[in-house]
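One structure is given here, and the rest of the page talks about it.
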Amino acid sequence: MNILVVDDEPDLALLVRQKFRKRIRAGEMTFTYAHDGVEALEVLEADPSIDIVVTDINMPRMDGLTLLDRLNSWPHPVKVVIVSAYGDMSNIRTAMNRGAFDFITKPIDFEDLNITLDKTHRELDAHRLASSLQERLAVLQRELDIARNIQQSSLPRQFPAFPGEVRCDLHAAMHAAREVGGDFYDFFLLDDDRVGFAVGDVSGKGLPAALFMTNTRTLLRATALQGMTPEACVRHVNRALYTERVKGMFVTLFYGILDLRTGTLTYCNAGHNAPYHLSPQGVAAVPRTGSLAVCLAPDFAFASKTLQLNPGDTLFVCTDGVPEANNAEHVDYEEERLETELAQLTSVEPEVLNAAVLSAVQAFAGEAPQRDDITVLALKYHG
């Protein structure tokens with residue numbers, strides 16, 4: 001530790017060197033001396049490695065309290081220990097109120113000074129560690145902000161989804177529980193008459209899930225655009241991801257292809273929660289296809305099913321962040337509330353539908369923190 005002793009008593013420097021000679025020889029302590037506040041500032045200016053100042057209060061030219069005021073705005077972190085007469089409690093209290101770290105009284109008890117210096121040094125170490133961690137957290141936060149922007153910009157956000165296409169309307173949104181998330185959605189035209197779309201949910205949250213999500217979505221899109229059937233597409237994605245899997249990570253996935261000429265939806269549900277079919281007859285869960293989540297088994301025989309959409313019907317797909325949204329009483333939103341909400345929205349357009357569901361979930365959760373990513377996708381068939 002580097003210590004500056006500020007005092008106009010000529011014998012104090014000699015006493016300090018005698019009392020701390022062992023620690024000085026061992027390199028544990030380095031002492032520098034100044035006779036008043038003006039000289040102390042000059043010394044500190046010349047040697048920014050000094051981090052502890054032990055100063056008397058009563059000195060010529062600049063006293064200890066004035067020096068303390070100047071050091072409160074010093075560019076380098078400095079801890080100040082005030083030295084004053086035992087009965088000078090008024091000045092000691094003033095010094096502590098102005099930011100002094102500690103005080104000792106005259107005549108100086110050098111054992112007490114030794115303990116005080118060690119305590120001050122530990123406080124400085126803790127402050128430096130906290131500052132370092134704060135800087136690292138700030139860097140990490142900036143990186144997470146960049147990652148969030150990259151992730152959000154990678155998802156299609158231009159709506160209408162298919163400008164000029166009047167046979168269907170699609171809208172989707174994703175709200176991550178953290179800066180970045182493991183949910184995703186995607187949609188694309190396979191040809192003039194077929195629309196492909198997907199919703200996925202990677203196990204876990206944060207950066208690992210986000211990276212896995214990016215790999216899954218990129219691979220799914222590249223495979224789907226080759227024109228494969230839903231089950232063949234998911235099978236290929238599963239095999240590719242399984243070879244480079246991370247232990248414990250998997251992704252639930254719903255991938256569908258809508259034929260705009262007929263309204264026939266062919267889909268594969270790989271362990272995802274069931275979507276809903278909204279029609280004039282009400283709300284019905286879309287039958288599952290009996291498939292595992294992606295990346296759980298290398299050669300699973302994924303299957304597909306078909307669903308007939310009539311003009312005016314809507315398919316609503318979400319991740320489990322919707323039914324599992326939690327309120328302050330730790331009660332889940334659950335499928336029953338979702339189905340009740342959807343029953344009032346069977347005829348609205350996809351963007352209105354998604355906004356209403358998200359608003360209902362937020363109102364239910366209240367001030368409770370979002371614990372999982374939330375993704376919604378609605379596809380309305382106009383025929």
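Here is a yes/no grid of residues against (1) open to solvent by less than 70 Å² (accessible area, probe 1.4 Å); (2) hydrophobic (A, V, I, L, M, F, W, C):
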residue: 306; (1), (2): no, no
residue: 309; (1), (2): yes, yes
residue: 312; (1), (2): yes, no
residue: 326; (1), (2): yes, no
residue: 331; (1), (2): yes, yes
residue: 337; (1), (2): no, no
residue: 343; (1), (2): yes, yes
residue: 347; (1), (2): no, no
residue: 351; (1), (2): no, no
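Would you check which residues across segment 202-240 are open to solvent by 60 Å² or more (accessible area, probe 1.4 Å) and either modelled with pLDDT under 90 or farther than 18 Å from residue 298 by Cα (or both) and list them?
Of everything in segment 202-240, those that are open to solvent by 60 Å² or more (accessible area, probe 1.4 Å) and either modelled with pLDDT under 90 or farther than 18 Å from residue 298 by Cα (or both) turn out to be 205, 207, 208, 211, 214, 215, 218, 221, 225, 226, 229.
Any residue in segment 241-248 that is in contact (Cβ under 8 Å) with a residue 60 or more places away in the chain and open to solvent by less than 50 Å² (accessible area, probe 1.4 Å)?
Checking segment 241-248: not a single residue is in contact (Cβ under 8 Å) with a residue 60 or more places away in the chain and open to solvent by less than 50 Å² (accessible area, probe 1.4 Å).
Please find, within segment 55-79, the residue that is nearest to residue 107 (Cα to Cα) out of those that are open to solvent by 30 Å² or more (accessible area, probe 1.4 Å) and of a type in the set (S, T, N, Q).
If we take residues in segment 55-79 being open to solvent by 30 Å² or more (accessible area, probe 1.4 Å) and of a type in the set (S, T, N, Q), then 58 is nearest to residue 107 (Cα to Cα).
Residue 263: at positive phi, buried (at least 18 other Cβ atoms within 10 Å of the Cβ) and either among the aromatic types (Phe, Trp, Tyr) or in contact (Cβ under 8 Å) with a residue 60 or more places away in the chain (or both), yes or no?
Answer is yes for this residue.
Is there any pair linking a residue in segment 206-225 that is more than 13 Å from residue 295 (Cβ to Cβ) to one that is of a type in the set (D, E, K, R) and modelled with pLDDT of 80 or more, with Cβ under 6 Å and at least six apart or on different chains, and which?
Filtered contacts from segment 206-225: 217/186; 221/186.
Which condition does residue 301 not pass, out of (1) among the hydrophobic types (A, V, I, L, M, F, W, C); (2) loosely packed, with under 14 Cβ neighbours inside 10 Å; (3) in a strand (DSSP E or B), if it passes all the others?
If we test residue 301 against (1) among the hydrophobic types (A, V, I, L, M, F, W, C); (2) loosely packed, with under 14 Cβ neighbours inside 10 Å; (3) in a strand (DSSP E or B), just (3) comes out false.
Looking at (1) in a loop (DSSP other than H, G, I, E, B); (2) within 22 Å of residue 322 (Cβ to Cβ); (3) touching a residue at least 60 places away in the same chain (Cβ under 8 Å); (4) touching a Lys or Arg at 6+ places or on another chain (Cβ under 8 Å), find the lone condition where residue 289 falls short.
Every condition holds for residue 289 apart from (3).
Can you confirm whether segment 43-54 contains a residue that is surrounded by fewer than 17 Cβ atoms within 10 Å (Cβ to Cβ), under 16 Å from residue 124 (Cα atoms) and of a type outside the set (Asp, Glu)?
Yes, some residue in segment 43-54 is surrounded by fewer than 17 Cβ atoms within 10 Å (Cβ to Cβ), under 16 Å from residue 124 (Cα atoms) and of a type outside the set (Asp, Glu).
Under 7 Å between Cβ atoms, at least 6 apart or on separate chains: pull out the pairs that start in segment 4-23 with a residue that is free of Cβ contacts under 8 Å to residues at least 60 places away in the same chain and end on any residue that is among the β-branched types (Val, Ile, Thr) and open to solvent by 20 Å² or more (accessible area, probe 1.4 Å).
Cβ pairs passing all conditions: 4/32; 4/43; 17/24.
The values are calculated or read from the model by the stated rules, or taken from the named source; none is laboratory data. Treat the numbers as computed from the prediction; the structure is a model and nothing was measured. All Cβ positions, even for glycine, are placed from backbone atoms using ideal geometry, and neighbour counts span all protein chains on display. These accessible areas exclude ligands, DNA and RNA; they are computed on the full protein's heavy atoms, side chains included. Shrake-Rupley method; radii C 1.70, N 1.55, O 1.52, S 1.80 Å.
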